[in-house]
Amino acid sequence: MRVIDGGSGGQIGVLPTGQAIRMAKERGLDLVEISASADPPVCKIVDYGKYKYEQEKKKKEAAKHQKQSKLKELKFRVGIDPHDYMIKIAHAEEFLSHGDKVRVQLQFKGRQMAHQEIGFQLATRIKGDLLGMGHVDQEPKMAGRNINMQISPHPEKQRVRKFANFKHGKFINPEEEDNVHEHEQEHDHDHEHEHDGANHNGRVNGIGNGNGESRSNGDGGSNAETPKEADAPAASA
């Protein structure tokens with residue numbers, strides 16, 4: 001077997017099993033097999049308790065960073081409108097981009113059951129449109145009046161989106177989308193200026209505070225009221 005020093009990580013060499021065990025005992029450590037399928041098998045001289053603890057810790061860290069996928073379901077009518085199809089297929093692509101599985105259900109109504117081949121043609125089209133994002137786990141299969149199919153996402157680095165620019169019911173050129181955002185920002189900026197101007201005019205033409213203070217009407221005039229003169233005392237008879 002090939003023996004590795006667990007402390008330094010260096011190879012000790014290919015040794016007979018008995019010699020490797022004696023070497024581990026002399027160091028007060030254990031001989032742990034880490035790759036039984038290798039030729040020759042690979043073992044490491046380590047503290048088994050510490051080795052097991054580190055392996056469990058690595059598993060927990062990997063599970064923490066691994067996103068748990070969800071199963072999303074999309075229903076298509078056989079003979080679906082082209083525009084509705086684009087919206088649904090874009091949703092399917094979005095789900096797959098988040099690492100979720102997609103269950104597709106194609107629904108037949110009435111006399112459509114007499115033309116099941118149309119449903120399977122639609123299933124083939126869906127598979128083709130999502131080919132860059134996922135692979136089929138469950139091939140299209142009839143179940144009652146429906147055709148069911150399930151698609152799982154490719155690894156993240158292998159996903160290629162086809163409908164990333166399909167938004168608001170149409171394909172949007174990335175440059176056009178940037179122009180829309182710039183226009184919205186300019187509109188919001190102008191709206192803020194109008195709002196500030198309205199507040200300024202409100203302060204200039206505002207109502208007084210009820211203490212007899214002068215109130216400007218914006219044209220240089222004054223709306224100050226002259227206090228009434230006190231009634232003169234009655235003349236003595």
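At a glance:
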quantity	calculated
Unique match (being closer than 30 Å to Ala92 by Cβ and either out of contact with any helix residue (DSSP H, G or I) (no Cβ under 8 Å at 6 or more places or on another chain) or surrounded by fewer than 11 Cβ atoms within 10 Å (Cβ to Cβ) (or both)) among Ala62, Ala20	Ala62
Where His187 falls short, out of the listed (1) at pLDDT 90 or above; (2) surrounded by fewer than 17 Cβ atoms within 10 Å (Cβ to Cβ)	(1)
The one condition in (1) within 21 Å of the chain's Cα centre (by Cα); (2) of a type outside the set (Lys, Arg); (3) surrounded by 14 or more Cβ atoms within 10 Å (Cβ to Cβ) that Val78 fails to fulfil	(1)
Strands (runs of 3 or more DSSP E) wholly inside segment 9-62 that include at least 3 residues being over 44 Å from the mean Cα position of the chain (by Cα) and not charged (D, E, K, R)	11-14
Residue match in segment 78-92 (condition: within 25 Å of Pro155 (Cα to Cα) and of a type in the set (D, E, K, R))	yes
Test result for Gln11, closer than 30 Å to Pro153 by Cβ and not small (Gly, Ala, Ser)	no
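The values are calculated or read from the model by the stated rules, or taken from the named source; none is laboratory data. Computed from a predicted structure; not experimentally measured. Backbone-built Cβ (ideal geometry, glycine too); neighbour counts: all protein chains shown.
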